[in-house]
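For reference, the structure is listed below as structure tokens.
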Amino acid sequence: MDLSYSAESDAFRRDVAAFLKANWDAAAAAAAPDRREREAALRRKAVEHGYLYRGIPRQYGGSEQQPDILKAHIIREEFGKARAPMEIPGVGVQMVVPTLLECGSQWQRDFFVARTLNGEFRWAQGYSEPDAGSDLASVRTSAELVDGHWVINGQKTWSSLAHKAHYMFALVRTDRTARKHAGLSYLLLDLKQPGVTIRPLKQITGDAEFCEVFFDNVRTPQDWIVGAPGEGWAVSKTTLSHERSGFIGSAATSVALFGKLVELARHTMLNGRPAIEDPLVRERLGVLDGYVSAHQYSSYRQFSMAAHGQDAGIAPLMNKLVNTRIADDVAAIARDLIGSSLMLAPPLAGGRGAGNEKWVNQFMGSLGLAIAGGTSNIQRNLIAERGLGLPRDPSNADSAVVNA
């Protein structure tokens, strides 16, 4: 496996770095009252240069570049070094936009895509329900077509940042007589209308990132459906494929987290000596380093294969599972290192914390990784069935994976 870049790629990297040096000062932007305007201005310039929204046609606000995994990787690295903002974060850009470009109608693309890319429209996901988490076929929220509008009743839950969103993309049941997944449709709806009740859910970390959303005769126009009635199952799988390829299971996250753990071990005293000098601590760190390195080099291999147009097989299915395992191990070692400091109150929601109490959030947050983006058990089923070719569990014949 050759991990070096070509002369052409090195030249492209210099161009990106020069662009950022000329157009972005992270320190100045952080202290400026108009930080959002500066970020928006940088994004506009980056689109003009072909650095952001590369796969999206120019008519919708993208830079319409040819797919190039090496250039995309270089852009991420250079923007990261410069602490420069990339695309608008969130499910709108990462999930709704690619779904509308692939499955939406022309007016839906014209109305929603550009406004989502520039942050004017924010979105929430409407998949999970109290009795339908990882099993989308059990969705009960219904929609009935009445006088040119879908009338929606029911409840969604674990909808991230719904209280700050303008719109929701939701999977609803539009035909109760059809077989489970055949009766589902994919609707877009305005969250700022009568009949919508949004309640943030307080998490163990003190944050309230997730919400439950209630619908009481909520209306959305007939043509706000993506795909045809009954095609929601297929459209939702399109959305989920973008979610999985977009932001779950990064090895870079594991590498960075392990680095922070090593720093903690260097600065924590154990029996009068830095903990990192303790044989048992060193052994645990060494084992974990092995997992992190294997995850990192597996990612390099997957990246190299993708750059050469090769299929990495089942390896990408393992990324999220490995990432979850590493975060759990990091939390366990950190918990033992800091001891009673774990009892300190965690930082306020969104805070970084000044001392060891910041590890409290890491510890509690690691518990949620096992269910985010589909549970670890569901992920193991995917690996077993799609990767290893094991028989499909008959009881899960209609199931699908969903993110909170």
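Here are a few things to note about the model shown:
- For region 119-223, the solvent-accessible area of protein heavy atoms averages 45 Å² per residue (probe radius 1.4 Å; ligands and nucleic acids excluded).
- Magnitude of the charge dipole, region 189-343, Cβ model with Lys/Arg +1 and Asp/Glu -1, debye to 20: 180
- Listed pairs 71/202; 21/237; 21/320; 237/260; 202/260; 202/237 exceeding 32 Å between Cα atoms: 71/202; 21/237; 21/320; 237/260
- Mean-position separation - Cα centroids, region 180-206 and region 62-109, in angstrom: 25
- Ranking 137, 381, 5 by Cα position along the charge dipole of the chain, where only Lys, Arg, Asp and Glu carry charges on their C-beta atoms, puts 5 farthest toward the positive end.
- On Cα atoms only, tilt of 7-23 relative to the major axis of the chain in degrees: 80
- Long-range amide H partners of residue 150 with built H, under 5 Å: 220, 222
- Dividing the summed helix terms, -39500 (n - 2.57) for each DSSP H run of n ≥ 4, by the number of residues in the chain produces a 222 nm estimate of -13000 deg cm²/dmol to the nearest 500.
- The Cβ shell under 11 Å around residue 119 holds other residues with a net charge of +1, Lys and Arg each +1, Asp and Glu each -1.
- Summed side-chain charge close to residue 196 - residues other than residue 196 whose Cβ falls under 12 Å, Lys, Arg +1, Asp, Glu -1: +1
- Local electrostatic count, residue 255, Cβ distance below 14 Å [Lys/Arg +1, Asp/Glu -1]: -3
- In degrees, nearest ten, helix 279-307 long axis to first principal axis of the chain (Cα): 50
- Overall, region 182-231 carries a charge dipole of about 140 debye about its Cα centre when +1 sits on the Cβ of Lys and Arg and -1 on the Cβ of Asp and Glu, all other atoms neutral.
- The alpha carbon gyration tensor of region 35-175 gives principal lengths a ≥ b ≥ c with a/c of 1.5 or higher and a/b greater than b/c, which makes the shape prolate.
- Projecting the Cα positions of 359, 98, 208 onto the charge dipole of the chain (unit charges on Cβ atoms of Lys, Arg, Asp and Glu, taken about the Cα centre) puts 359 furthest along the positive direction.
- Tensor-based shape of region 1-66 (alpha-carbon gyration tensor, a/c under 1.5 rounded, otherwise prolate or oblate): oblate
- Residues 380, 109, 44 ordered from highest to lowest accessible area at a 1.4 Å probe: 44, 380, 109.
- Among 201, 280, 20, residue whose mean-square fluctuation peaks in a GNM of the chain (springs only between Cα atoms under 10 Å): 280
- A simple charge model with +1 on the Cβ of Lys and Arg, -1 on the Cβ of Asp and Glu and nothing else charged puts the dipole of the chain at about 460 debye relative to its Cα centre.
- By a 1.4 Å probe calculation restricted to protein chains, residue 5 has an accessible surface near 70 Å², given to the nearest 10.
- Choice from 257, 188, 171 showing the highest fluctuation, given a GNM over the chain with Cα pairs closer than 10 Å: 257
- For the chain, the longest principal axis of the Cα atoms and the long axis of helix 315-338 meet at an angle of about 50 degrees.
- In this structure, the amide hydrogen of residue 124, modeled 1.01 Å from its nitrogen in the peptide plane, lies closer than 5 angstrom to those of 167, 168, 169, counting only residues at least 5 positions away or on a different chain.
- Ranked from largest to smallest solvent-accessible area, with a 1.4 Å probe on the protein heavy atoms, 253, 141 come out as 253, 141.
- Under 5 Å, built H, 5+ apart or other chain: amide partners of residue 270: 275
- Most positive-pole-ward Cα, 73, 61, 27, against dipole of region 5-91 from beta carbon charges: 27
- Placing pseudo-labels 7 Å out from each Cα toward the beta carbon at residue 177 and residue 138 gives an inter-label distance of 2.7 nm.
- Solvent-accessible surface (1.4 Å probe) assigned to residue 204 amounts to roughly 110 Å².
- Computed from the C-beta positions of residue 223 and residue 66 and an R0 of 25 Å, the FRET efficiency is 0.15 to the nearest 0.05.
- Among 314, 378, 225, the largest mean-square fluctuation in a Gaussian network model of the chain, built with springs joining Cα atoms closer than 10 Å, belongs to 314.
- Between residue 32 and residue 48, the contour length at 0.36 nm per residue exceeds the alpha carbon distance by 3.4 nm.
The values are calculated or read from the model by the stated rules, or taken from the named source; none is laboratory data. Keep in mind that what you see is a predicted model, and the values were worked out from it rather than measured. In this analysis, Cβ positions are derived from the backbone assuming ideal geometry, glycine residues included, and neighbour counts consider all displayed protein chains. Accessible surface is based on the protein model in full, side chains and every heavy atom, while ligands, DNA and RNA are left aside. Shrake-Rupley method; radii C 1.70, N 1.55, O 1.52, S 1.80 Å.
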